[in-house]
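There's a structure below that I have some questions on.
Read-outs: derived from the displayed coordinates by stated rules, not from any lab. Bear in mind that the values here come from a model prediction, so they are computed numbers and not experimental data. Don't worry about glycine lacking a Cβ; one is built from the backbone with ideal geometry, like all the others, and counts go over all protein chains shown.
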Amino acid sequence: MATTPTEWLPVLAKRLDARQTRIAKNRSYSNGHAPLPEMGKNTKATWKAFQKKARTNYGGLACESLGGRIVPNGVRVGTSTTSPAVLAARRVWRDNRLDVVFGDAISTMLTTSVAYLIVGVRDGQPIITAEIPEQVITAPDPTQPWRARAALKAWRDPDTGLDHALVWTPGERQHFTRKSTSSTGTPIPQVDGEWEPFGEPETYTGGVPVYVLDNKDGVAEFEPHIDVIDRINLGKLQRLVTTAMQAFKQRALKGGLDATDEDDNAIDWAKILEPAPGALWDLPEGIDVWESPATDIRPLLEGEKVDARDFAAVMRTPLDVFVPEGQNQSATGAANAHKGEIQKAKDRIARAGAPMEGSMLAALQILGLDDGETVQITFETPEHVSLSEKASAAAQAKAGGKSQRWIDEHIWGMSPDEIDQEETDRSAEQLLAATLIGAPSATGNA
């Protein structure tokens, strides 16, 4: 079994190369560039351009909708709100813009199946970055898969013409480099290859500072339903073809027009009788104009809604994400439509929370402020997304006896810093109100 960075490098590089095709495929289905339907080796460029109009980014829409319910908003360390560890954690959150970093990691997890967080040090301060599966891979800890027993990050620097690789093992990190091109000058397409150590290994304390956000069952949100997306895109293409070929009226002349004029020159009737707004034709006696009925494409458009409904069902995503008019339903129907997505969001929060908390704990350890208290990343409540939902839920919670701080955190989704500021502002308002009530009137002073 590999133990050193040099031994782990070829092992992890081969694994990283092996999954590139799958990750690229998942990316294409979530960024609007899914494979074109009905593709052949000799497909004309004009047909490809037409095919592109048949793609709808259903995978990306589903991931964005779910990601909108998974919103990290702060960090808690133990039960204190003023301890050095709490204040340091909030500073790390602010300096690293972790609401963005964690949000990017969650989005990558949903769309590709896996994402990574790496904790480093710059000028003595912890740096937490979100990493993509095209560049990073780990050998997961069998007992805690979100932790790593070895990790690799590989990237290409086009300015220097070098490839770089960092390999972590417990307590040790090694930097490797190589040229980006082969001896013939062609770019090296894979990570596995001839790497050379760059400098001496670096040592550090603690475990491997790379944390894994692994989606449920190790697949992207839409990955089990790629066939459904392909079916939708193919159906869309067929509907576009039918519409383009049959949606317009066709015209013909019945009666037999002369093919030549008096001088025996061929007559181009198609050009002479070209339809145009306001055009009037003086047709010879006995000539009649035939016009085909227009094709009714409404059944084809209804088919698109059926496809969207089927995809929404298998994804447990509200229909109004794919069909905007689907939001015109009863309040009970809308609530039921969101239940599946809310349950998925809770599950993904639980899966993403542990690696995020691990990265924050590693940051506190770098600062020497790990006091043994539990580190917890807080999220906005996935049930309440809109302002009206939050206001209604807050009123009900208040009537149920919940404290204002609990409501601010669990319903309004405020971060700990925002809650502290809100309590300060609320106290100031109460003091001002009491001052104004107790102040003597102008008439009384006269």
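Please list, ordered by chain and number, the residues whose modelled amide H lies under 5 Å from the amide H of S180; skip anything fewer than 5 residues away on the same chain.
Correct list: L162, D163.
Using 0.36 nm per residue, how much length does the chain from E196 to S183 gain when fully extended, once their Cα-Cα distance is taken away?
Extra length from E196 to S183 when fully extended: 3.1 nm.
Stretched out fully, how many nm does the piece from K398 to V100 gain, at 0.36 nm a residue minus the Cα gap?
104.2 nm
Label-point separation (nm) for I267 and Q421, each offset 7 Å from Cα along Cα-to-Cβ?
Result: 8.1 nm between the two label points.
What Kirkwood Rh does the chain have if only Cα atoms enter the pairwise 1/r average? Answer in Å.
Evaluated on the chain, it is 27.4 Å.
What is the order of K48, K305, fewest Cβ neighbours within 10 Å to most?
If I rank by nearby Cβ atoms, fewest first, I get K48, K305.
Next question. Output the pairs from K153/K216; K14/K179; K25/K52; K44/K216; K339/K402 with a Cα-Cα distance over 28 Å in this structure; if there are none, say none.
From K153/K216; K14/K179; K25/K52; K44/K216; K339/K402, over 28 Å: K44/K216.
Sticking with this structure for a sec: What are the radius of gyration and Dmax of the stretch 249-293, computed over its Cα atoms and given in Å?
Spelled out, the Cα radius of gyration and Dmax of the stretch 249-293 are 11.6, 37 Å.
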